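Asker: Sharing a structure, written as structure tokens. Questions coming.
The values are calculated or read from the model by the stated rules, or taken from the named source; none is laboratory data. Here the structure is a predicted model, which means the values were calculated and not measured. Positions of Cβ are backbone-derived with ideal geometry, glycine not excepted, and every protein chain shown enters the neighbour counts.
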């Protein structure tokens, strides 16, 4: 009778550990899938911006004396930004930094384009241009929102894989830390505006 109780106790402990292990593993899988899905959404809004750029460039090209170098810079930055792809299974700090650098280069080229446009009042009054500019501004806001959501999702996942005892499962089954979007170096300093 005593041996039977010991065996039942051991079987119960093993069953509890197996059930907990399955739950822990499935929780990590769900968290990683959440990060991957949110990364896809980040890429989606960046792609939306990239898709708007050819229309913007074509609208601006109609103005013969417009600076060609500015347009060329935007086109080249767009090509580079769309060429940087990250496999969701490999969202490391270095990969996110590389992706972010390409996107920031495109943002800089677009900013220079929009500043240059200030010298063309007839272009600023063009309905297509104004519509594209509004869509780009909306897209930039979406990018910020989706990047923040990605960082939150990655934070929850990263926290989960670092906590004991899930960290044992994470290392055993290859759940790696995901990278974050970070502020550009020097972003903490306000720009100096002189009149």
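Asker: Could you run through segment 51-97 and say how many residues are assigned to a helix (DSSP H, G or I) and crowded, with 16+ Cβ neighbours inside 10 Å?
Answerer: Counting residues in segment 51-97 that are assigned to a helix (DSSP H, G or I) and crowded, with 16+ Cβ neighbours inside 10 Å gives 16.
Asker: Could you give me the residue pairs with C-beta distances under 7 Å whose first residue belongs to segment 9-37 and is on the phi > 0 side of the Ramachandran plot and at pLDDT below 95, whose second residue is assigned to a helix (DSSP H, G or I) and surrounded by fewer than 12 Cβ atoms within 10 Å (Cβ to Cβ) wherever it lies, and which are 6+ apart or on separate chains?
Answerer: The qualifying pairs do not exist here.
Asker: For segment 138-195: of the residues being closer than 25 Å to residue 41 by Cβ and exposed (fewer than 10 other Cβ atoms within 10 Å of the Cβ), which is modelled with the lowest pLDDT?
Answerer: 187
Asker: If we keep just the residues of segment 59-76 that are touching a helix residue (DSSP H, G or I) at 6+ places or on another chain (Cβ under 6 Å) and closer than 14 Å to residue 136 by Cβ, which is modelled with the highest pLDDT?
Answerer: The extreme case among them is 74.
Asker: May I pose another question? Are there any pairs, at least 6 apart or on different chains, whose C-beta atoms fall under 9 Å, with the first in segment 127-144 and at positive phi and part of a helix (DSSP H, G or I) and the second exposed (fewer than 12 other Cβ atoms within 10 Å of the Cβ) and modelled with pLDDT under 90, and if so, which?
Answerer: If the second residue must be exposed (fewer than 12 other Cβ atoms within 10 Å of the Cβ) and modelled with pLDDT under 90, no pairs are left.
Asker: State whether one or more residues within segment 52-65 are under 21 Å from the mean Cα position of the chain (by Cα) and free of Cβ contacts under 8 Å to residues at least 12 places away in the same chain.
Answerer: no
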